[in-house]
Amino acid sequence: MAGLRSQPSGLEWCALHTDVVDELVRSVYAGMLLQLDQMPPFAVVATGGYGRCELAPWSDVDLTVVPHEESHPSLEKAIKLFFRELHDAVAGGFGMRLGYALRYISDCPSLDPKTRSGLIDARFVVGSIEAHESLTRAFWSTFPAAEFVIDKIEEQRAMETRSNDTPYSTQPDLKHGAGGLRSFQAANWIGAAIGERMSPPGRDYDEVVMYRNLLHLIAERPFETMTHAKRQEVADLVGGDPFVIGSSLATSLASLQSQYAKCLERLFDARFTLAKNVESIRGEARIASNANVGQAAIGIANATRLGLRVPDTRSQPTNVTSASEALSAVSAGETTLRHLDRSGVLDVLLPELTACRTVIPQDSSHDFTVFEHTLRVIRNLDSLAPDTFLGSVAADLRDRAPIYLAALLHDVGRAEKEDGHDERGAKIAQSVCERWGMYETTKDTVCWLVREHLSLDRTLRMRDVMNPDTAIEFAELVGTPERLAMLSLLTWADINAVNPHAWTLAQETFLKELYQRTLAVLSAEDAPSTDTAIYRRRLLEQSRSHDVAHEEYEAFLDSMPAHYLISTDSTLAHAHFGLVRTAKQGESSVVLYDSPEMGCTDVTVCCLDAPGLLSRILGVLYSLELSIVAIRASTTDDERPVALDTITVSFGGRPVPASTAARLVRTLTGVLAGVQSVEEVMRTAKKDPDLPQNVLTANYIPGNPGIIEIQAPRGRGMAYRLARQLSSHGINILSARVGQWAGTGTAAFYVSGKDGAPLDPALVARALDGQKV
């Protein structure tokens, strides 16, 4: 260290430092020869910076032990002794950290990219030269060039993002930043992977090494960033100008970054292996005639990630693949899939999908053929940003490949015109998984996702996500947090690919709410309860933060129905308490609350209850061309019943504009006061208040509350007409979800009879004009 302080240098000092460590390693090895009666042959190989003879003052000493005879009886004892004594010598004598690994020659095919990087720079130190040579031969004969290059490019990009992405930073990271030492090293590694000779370090590299050495010396620990303060300390040490040092360093970093960029450009002139039987030749992927479909798919996937050309030439690889090859290729993203299609490989790999190229979905809401829609589903999965809710859900998954395969197969059942494409698709998915030899667990997950790919959307459209029963039922369907996450991602990607307006902010909010509630059920952590007493007690406890009359507030909660207590937070309940108190004095209230994150407005109406009140409110909303998203209707159970109805509406997918909101409040107030009838309001708006609702299908799920599921022709008046029909038969609407799907309107009404009694299905049928339920 003293020599470095008195005479700063770069690679020259590192080489001398490395020589000292080499001698230490050799002395430990020689000592073992004297200790052991039977010394197994193994090579001690320096890797990484130690292998390059570039040990900085506080660099780790990385080495690898390579046995020549893996089954030697004394091998384990010898290796343990060597590592222990070497650790004591390096840590005790130099204060440096020792990083060591035991690598068998048979490990070479399965090495990770980081290990491969270190072994590219491997240098024999002591021991069995035969073991080192055998490792070298096995290492390069099994080297996956394309996968390694891709990993190094992505690694370099990530490092530059974390540190500095330009060599012209005033506080550069000398190791990991743009133009840092790793830029030159990565260029050499990539060059070696594609068959180039390693480039020797030049003056620019030597200068960066020197300043890195000085940073280590000053900090007395590994330190890579030339901060303003450290640059001044370096200048004081060498007797130079800190600004001149900074400029000179920037010049060297820019040179190293240029060398890395030129290395990437040479990828388009080189010839190297993309996969077995697939080569990159002058920037273009070439598939050999004897390639199977798995090899071809992997080769094209790698070519796509490297930005190489994929020709339009239709290849005919043999229909043989492994599950790992196939899954890796189809989960590589939309661009890869389009290249697989252009080259003809997708016709062999997934003919079930390409058969849907021109299939038109019977659902008129779709903008694209089944094939194009499917690739856009993949595009959506590719686009998930990590800083979003669904992006974080995706990031937590161990393996996304099953989602990608399920996405590719979710609509292949539409090739036949009959209903039930989800069930047909699941059978096709099973056939594909068996053809690829997929593990049972993966096959089951893919088939389940295809079979259930409509279930989450149906739940969001047809169920009250605030009702605890909804999360409990959905948890039973998905079974595990992993399947919940996968189905959520697939549903979001699928609906977003239908047309630009299919997925709304409201659905995004409902999805997040249901996801979190279902996850709580699955993890048994704060799972939602169906016991209304718990919610009532919680609201009472939380009321202490509000200025309310406790006894009067308690009476208010006692008068509210169970579904209200379960789904309302304390702040909202406190506000509603005030509205109900005002209503009991004979004064109606109409309150609007915008929810920009949902693209909706909550319209809350509170007044003395009266027959047909909800349908009158919905009629006014219909007359103003507002779309109904959800309904929550509550009535107090006391001598003077008060209705507290909240209807969530949207105006073209966004909250109600101010002018329309003012008109809405004015019109609703007039209808509630009897100044005008809802029929008059609707006729003025050219709406027929007496038009009956045509129902396509209806399903009644008995319970308390019961659920009426309805599919009807699309139209904003559906909620009004159905509410009018139901209320005219004495059916009490507690809540509802209203939406559109497959070119038709859909609605689900949570209902009960008089005084909360369960409904007779025959009554529901009569209310729907004899529709079979």
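When nucleic acids and ligands are ignored and a 1.4 Å probe is applied, residue 331 ends up with an accessible area of around 40 Å².
Taking a point 7 Å from the Cα of residue 79 along the Cα-to-Cβ direction, the residues of the range 53-67 with backbone N closer than 18 Å to it are 62-67. Remark: the residue 582-residue 32 segment gains 188.8 nm on full extension, using 0.36 nm per residue and subtracting the alpha carbon distance.
Here the chain is assigned +1 on the Cβ of each Lys and Arg and -1 on the Cβ of each Asp and Glu. Its dipole about the Cα centre then comes out at about 1540 debye. For residue 675 and residue 387, the FRET efficiency from 1/(1 + (r/R0)^6), where r spans their Cβ atoms and R0 equals 45 Å, is about 0.35. Placing 228, 216 in order of accessible area, with the largest value first and a 1.4 Å probe, yields 228, 216. Considering only 653, 757, 717, the residue lying farthest towards the positive end of the dipole of the range 648-773 is 653, judged by Cα position with unit charges set on Cβ. In the chain, a dipole from Cβ-located charges (positive for Lys and Arg, negative for Asp and Glu) runs towards its positive end, and of 339, 6, 105 it is 339 whose Cα lies farthest in that direction. Taking every protein chain into account, the accessible area of the chain amounts to 44 square angstrom per residue (probe 1.4 Å). In the assembled protein chains, residue 638 presents an accessible area of approximately 50 Å² (probe radius 1.4 Å).
Along the axis of the charge dipole computed for the chain (Cβ charges of +1 for Lys and Arg, -1 for Asp and Glu, origin at the Cα centre), the listed residues 393, 607, 272 are led at the positive end by 272. Take the alpha carbon atoms of the range 358-434, find their center, do the same for the range 589-606, and report the distance between the two centers in whole angstrom. Their Cα centres are 35 Å away from one another. Can you work out the FRET efficiency for the pair residue 106 and residue 355, with r the C-beta to C-beta distance and R0 = 56 Å, to the nearest 0.05? Computed FRET efficiency for residue 106 and residue 355: 0.80.
Given +1 at the Cβ of Lys and Arg, -1 at the Cβ of Asp and Glu and no other charges, the dipole of the range 161-293 around its Cα centre is 500 debye to the nearest 20. The distance from the alpha carbon centre of the range 483-498 to that of the range 116-146 is 45 Å, rounded to a whole number.
One chain, two ends: residue 434 and residue 23. Fully extended at 0.36 nm per residue, the span grows by 142.2 nm beyond their Cα-Cα distance. Loop-located chymotrypsin sites (Phe, Trp or Tyr not before Pro) across the range 68-109 with a Cβ neighbour count of 14 or fewer within 10 Å are 104, with loop assigned by DSSP. Going by accessible surface with a 1.4 Å probe and the largest first, 609, 464, 769 read 769, 609, 464.
Radius of gyration (Cα atoms) of the range 435-485, expressed as a multiple of 2.2 N^0.38 Å: 1.34. Residues 139, 243, ordered by accessible area of protein heavy atoms at a 1.4 angstrom probe radius and largest first, appear as 243, 139. Accessible surface of residue 115, taken over heavy atoms with a 1.4 Å probe and every protein chain present, rounds to 30 Å².
Taking label points 7 Å from Cα along the Cα-to-Cβ direction, residue 480 and residue 701 give a separation of 2.5 nm.
For the range 532-603, report the translational diffusion coefficient in µm²/s to the nearest whole number, using Stokes-Einstein at 10 °C, 1.306 mPa s, and a Kirkwood Rh over Cα pairs. Result for D is 120 µm²/s. Under 5 Å from the amide H of residue 126 lie the amide H atoms of 44, each residue being 5 or more positions distant or on a separate chain, with H modelled from the backbone and absent for Pro and chain starts.
Would you work out the charge dipole size for the range 423-515 about its Cα centre, treating the Cβ of every Lys and Arg as +1 and the Cβ of every Asp and Glu as -1, and quote it to the nearest 20 debye?
Working: 10 positive and 14 negative charges, 67 e Å.
Rounded to the nearest 20 debye, it is 320 debye.
Counting other Cβ atoms within 10 Å of each Cβ, which GluC sites (Glu not before Pro) in the range 163-262 have at most 14 and sit in a DSSP loop? Those satisfying the criteria are 220. Each label point was placed 7 Å from the Cα along the Cα-to-Cβ direction; for residue 258 and residue 364 their separation is 6.4 nm.
Determine, from the Cβ-Cβ distance of residue 322 and residue 162 and an R0 of 35 Å, the FRET efficiency 1/(1 + (r/R0)^6), rounded to the nearest 0.05. Approximately 0.50, to the nearest 0.05.
Normalised Debye scattering of the chain at q = 0.08, 0.10 Å⁻¹ gives log10 I(q)/I(0) of -0.86, -1.04, counting only Cα atoms as equal scatterers and leaving out solvent.
Spin-label model, residue 312/residue 12: points 7 Å from Cα along the beta carbon direction are separated by 6.1 nm. Less than 15 Å from a label point 7 Å out along the Cα-to-Cβ axis of residue 372: which backbone N atoms in the range 493-523 qualify, by residue? From the range 493-523, the list is 497-500.
The values are calculated or read from the model by the stated rules, or taken from the named source; none is laboratory data. These numbers were taken from a predicted model, which means no experiment stands behind them. Here the Cβ is made from the backbone with ideal geometry for all residues, glycine too, and neighbour counts use every protein chain on show. These accessible areas exclude ligands, DNA and RNA; they are computed on the full protein's heavy atoms, side chains included. Shrake-Rupley method; radii C 1.70, N 1.55, O 1.52, S 1.80 Å.
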